[in-house]
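Some notes on the structure that comes next.
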Amino acid sequence: MVVHPGSGNASGTMVQALLFRYDGFANRFEEQGSRPGIVHRLDKETSGIIIVARHAAAHEMLAAQFRDRGVRKRYLAIVQGVLPAREGRIDNRIARDPHDRKRFTCVAAGGRTAVSRYRVLRSVVVGKSAYSLVLLAPRTGRTHQLRVHMKFLGTPILGDPVYGRHDPRFPDARLMLHARSLTIRLPGEGEPRTFVSPMPTRFLDVLQELQNFSPSTGL
């Protein structure tokens with residue numbers, strides 16, 4: 001689901017679902033225009049946790065935590081290949097791809113700083129191909145950041161229609177990126193809370209197929 005209306009996505013968005021669900025919702029966010037209540041976004045192909053404010057004061061309080069990097073986000077991804085280490089940190093700069101304005105790429109200069117950490121949970125080699133289940137923790141919130149960083153390491157996310165590569169074993173795979181958890185302090189509460197979204201069926205299906213290929217890996 002697209003988060004808010006934009007080019008090529010005039011209907012069926014999360015904002016429109018909120019407007020339908022809550023009477024007078026847009027009136028509480030007069031300065032936000034077409035994005036009432038939206039604190040952050042997920043790419044439409046990414047599943048998982050997202051938080052929305054229901055009034056302006058809550059929005060400012062939640063958005064400030066994102067601006068100050070006080071929010072802890074964790075993602076799960078199934079990537080093509082094996083990462084260079086079991087754990088690692090990517091700290092570079094991301095800018096729009098000069099050859100395709102819809103894409104982003106890592107650059108030596110310019111752009112904006114982008115920092116992500118990763119931890120490999122499991123890996124499996126199937127014939128000439130390899131796959132890894134990875135836990136990702138972005139420290140910054142750049143557009144397509146995790147997708148660009150995985151491509152930068154040579155392990156694009158399986159099913160990524162923009163940064164991935166065709167996989168004959170999973171030709172119909174959708175983007176294997178899932179916002180697993182979000183830790184944030186809610187209005188009126190002193191301590192942060194963690195919200196968790198279960199691993200989606202599309203992940204379980206891919207992992208099950210890989211286990212069938214190589215049951216000894218424990219994947």
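Readers should treat all values here as calculations from the given coordinates under stated rules, not as data from a laboratory. Everything quoted here is computed from the prediction, not taken from an experiment. All Cβ positions, glycine included, derive from the backbone under ideal geometry; neighbour counts span all protein chains shown.
Legend: helices of the chain (whole DSSP H runs) are marked when their alpha-carbon atoms reach 15 angstrom or more along the helix axis and their mean Kyte-Doolittle hydropathy is at least 0.0; marked are 56-67. If you average the C-alpha positions of region 54-109 and of region 116-135 separately, how far apart do those two centres end up, in angstrom? Rounded to whole Å, the Cα centres lie 20 Å apart.
Can you sort THR113, THR13 so the residue with the fewest Cβ neighbours within 10 Å comes first? Let's see the in-between values first.
Numbers: THR113 11, THR13 20.
Fewest-to-most Cβ neighbours within 10 Å comes out as THR113, THR13.
Charge dipole of region 1-68 (Cα centre as origin; +1 on each Lys and Arg Cβ, -1 on each Asp and Glu Cβ, all else neutral): 120 debye, rounded to the nearest 20. Our helix-only sum for the chain, with -39,500 (n - 2.57) per DSSP H run of n ≥ 4 divided by its residues, gives a mean residue ellipticity at 222 nm of -5500 deg cm²/dmol.
When a footprinting reagent is the concern and you count Cβ atoms within 10 Å, what order do ILE157, ILE49 take, fewest first?
With the fewest neighbours first, ILE157, ILE49 line up as ILE49, ILE157.
Backbone phi angles across region 102-111, fed through the Karplus curve with coefficients 6.51, -1.76 and 1.60 (θ = phi - 60°), yield HN-Hα couplings of 8, 10, 10, 8, 7, 10, 7, 9, x, x Hz in residue order; Gly and Pro are listed as x.
Report the semi-axes of the equivalent ellipsoid for the chain in whole Å, largest first, where each axis is √(5λ) for an eigenvalue λ of the Cα gyration tensor.
Details: eigenvalues 202, 74, 67 Å².
Square roots of five times the eigenvalues give 32, 19, 18 Å.
In what order do LYS151, LYS44, LYS102, LYS128 fall by count of nearby beta-carbon atoms within 10 Å, going from fewest to most? Don't skip to the answer; put the middle values down first.
On the way: LYS151 23, LYS44 14, LYS102 8, LYS128 5.
Going from sparsest to densest Cβ surroundings: LYS128, LYS102, LYS44, LYS151.
Taking Lys and Arg as +1 and Asp and Glu as -1, the other residues whose beta-carbon sits under 10 Å from that of SER181 total +4.
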